[in-house]
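Remarks on the structure that follows.
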């Protein structure tokens with residue numbers, strides 16, 4: 001049933017976000033520590049476990065896949081509720097601070113990519129990115 | 001008549017959101033196919049359209065929540081809010097291969113620290129170039145360049161003025177919006193086309209909304225990898241901002 005998939009996703013999300021919230025509280029931070037990431041790992045692990053057990057049928061999978069497909073529209077809605085006007089009325093300093101941070105970030109992607117590769121290339125072969133699902 | 005329509009739109013706000021966003025998507029994909037032959041991805045155009053609408057709503061209503069400040073469109077706030085956003089991001093993880101994450105794990109952690117330090121240095125450097133000399137303001141603006149949450153959190157912890165905090169939020173917003181818009185165009189130049197670089201990218205940029213939207217417009221398959229590392233960024237920034245980074249700025253400033 002489709003609801004099984006939606007429910008599995010909901011449980012993983014709630015558990016992950018809660019762990020992140022508790023972690024934040026324990027560290028004294030007003031932020032969620034990796035909740036979404038933890039939830040994602042829970043979903044990957046429980047998904048592949050249940051899949052091996054043969055519990056997940058195509059209908060259940062659709063319950064998760066629907067939300068994964070709705071992701072881009074959700075992001076568009078998120079873009080539409082940003083305080084864009086506020087960002088650009090922050091003045092030249094705010095804009096150049098943001099721009100510089102982004103430029104540095106982009107520039108560092110290939111640097112870090114190369115750094116890690118040199119170490120691991122000897123031991124693991126680089127496989128092509130695959131598109132199949134868990 | 002307008003009032004009864006408004007009643008429907010507030011009662012069924014989420015449904016209005018689905019309808020409006022669906023139409024925006026359709027229009028964007030049409031623009032993408034018709035005028036760019038698919039070269040500029042439809043979702044990139046949709047995100048840009050969303051941001052443009054948010055800009056004008058902010059300009060006309062004076063609010064801080066983009067189109068959500070227009071009563072008819074309040075449902076977009078629910079659709080694009082953190083609840084459904086996180087739910088959908090987690091769902092994208094269903095197609096992820098655990099080996100890919102393991103392979104990029106170390107680089108991802110390194111990217112998180114490097115991303116926070118580089119953004120902070122960028123923000124703090126610009127603050128100094130614009131004439132700020134006190135450690136509290138420099139740290140707060142630098143923290144804002146990490147994300148727009150780290151900025152005010154750090155500022156509140158070390159006692160920054162509200163004016164500086166507002167600037168730090170603006171710096172973080174500029175960063176997140178820029179990542180949303182520019183990523184699909186920069187991606188080919190920095191080999192942002194595989195799970196490994198996506199993990200690194202998520203750690204370096206860290207702004208959840210920027211990474212989420214930027215990767216969606218580049219290649220939706222990469223979204224879970226980037227969002228996985230980005231999920232830890234703001235928290236790590238909040239941890240380092242008022243402590244290590246503030247102390248470092250105070251130690252390095254002359255006088």
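A short reminder: the numbers here are calculations on the coordinates, not readings from a lab. From a predicted model like this one, the values you see are computed outputs, not experimental measurements. Cβ placement follows ideal geometry from the backbone for every residue including glycine, while neighbour counts extend to all protein chains displayed.
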Item to check | Segment residue B:7-residue B:253, extension gain: residue separation times 0.36 nm, minus the distance between their alpha carbons | outcome: 82.8 nm
Checklist entry - Based on the alpha-carbon gyration tensor of region B:67-128 and its eigenvalue square roots a ≥ b ≥ c, which shape applies: rounded if a/c is under 1.5, prolate if not and a/b is larger than b/c, or oblate? => result oblate
Item to check | Candidates B:228, B:84, B:215: whichever shows maximal mean-square fluctuation once chain B is modelled as a Gaussian network with Cα springs under 10 Å | outcome: B:84
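What does the extension gain come out to for residue A:103 and residue A:59, with contour length at 0.36 nm per residue minus their alpha carbon separation? Please list the in-between numbers first.
Values: separation 44, 0.36 × 44 = 15.84 nm, distance 4.37 nm.
Separation in residues times 0.36 nm, less the Cα-Cα distance, equals 11.5 nm.
Can you pull the Kirkwood radius for region A:1-127, inverse mean 1/r over Cα pairs, to one decimal in Å?
18.6
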Next on the checklist: If you wrap a convex hull around the alpha carbons of the protein assembly as shown, what volume per residue comes out, as a whole number of Å³?
Outcome noted: 154
Item to check | Inter-label distance, nm, simple model (7 Å from Cα along the C-beta direction), residue B:82/residue B:26 | outcome: 3.4
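Would you tell me the mean number of C-beta atoms belonging to other protein chains that fall within 10 Å of each C-beta in B:5-17, as a whole number? Mind showing how you got there, number by number?
Details: counts 0, 0, 0, 0, 0, 0, 0, 0, 0, 0, 0, 0, 4.
The shielding value for this peptide is 0.
Taking the beta-carbon count within 10 Å as an exposure proxy, list A:60, B:183, B:147 from fewest neighbours to most.
Working: A:60 21, B:183 26, B:147 32.
Arranged by neighbour count, lowest to highest, A:60, B:183, B:147 become A:60, B:183, B:147.
With 10 angstrom as the radius, rank A:55, A:76, A:15 by how many other C-beta atoms surround their C-beta, starting from the fewest.
Numbers: A:55 11, A:76 30, A:15 16.
Ordered by Cβ neighbours within 10 Å, fewest first: A:55, A:15, A:76.
Report the calculated FRET efficiency for residue B:243 and residue B:133 (r = Cβ-Cβ distance, R0 = 22 Å), to the nearest 0.05. Let's see the in-between values first.
Working: r = 22 Å, r/R0 = 0.98.
The pair residue B:243/residue B:133 has a calculated efficiency of 0.55.
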Next on the checklist: Give me the one-decimal nm value for the distance between modelled label points at residue A:52 and residue B:72, 7 Å along each residue's Cα-to-Cβ direction.
Outcome noted: 5.4
Checklist entry - Which FRET efficiency value, to the nearest 0.05, is calculated for residue A:45 and residue B:191 with the Förster distance at 25 angstrom and r the Cβ-Cβ distance? => result 0.30
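Any idea what the alpha-carbon Rg over 2.2 N^0.38 Å comes to for region A:1-65?
On the way: Rg = 13.6 Å, N = 65, 2.2 N^0.38 = 10.7 Å.
Ratio of Cα Rg to 2.2 N^0.38 Å: 1.27.
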Next on the checklist: If you split all Cα-Cα distances of region B:2-80 into 5 Å bins from zero, what percentages do you get per bin, shortest first?
Outcome noted: 3, 17, 21, 21, 18, 11, 6, 2, 0
Item to check | Global form of chain B, assessed from the alpha-carbon gyration tensor, a/c cut-off 1.5 | outcome: oblate
Checklist outcome for this item: Largest fluctuation, A:58, A:30, A:110 only, Gaussian network model of chain A with Cα springs under 10 angstrom, belongs to A:110
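Can you sort A:65, B:99, B:3 so the residue with the fewest Cβ neighbours within 10 Å comes first? Don't jump to the answer; show the numbers that get you there.
On the way: A:65 19, B:99 12, B:3 6.
Fewest-to-most Cβ neighbours within 10 Å comes out as B:3, B:99, A:65.
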Checklist entry - Okay, which of region B:85-101 sit inside 19 Å, backbone N to the point 7 Å along the Cα-Cβ direction of residue A:69? => result B:85, B:87-96
Next on the checklist: Under the rule a/c < 1.5 gives rounded, and otherwise a/b versus b/c splits prolate from oblate, where does region B:55-176 land using the Cα gyration tensor?
Outcome noted: oblate
Checklist outcome for this item: Among A:37, A:24, A:90, the residue with the largest mean-square fluctuation in a Gaussian network model of chain A built from Cα contacts under 10 Å is A:90
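Within 10 Å of each Cβ in peptide B:55-62, how many partner chain Cβ atoms are there on average? Round it to a whole number, please.
4
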Checklist entry - How far apart, in nm, are the 7 Å Cα→Cβ label points at residue B:15 and residue B:33? => result 2.8
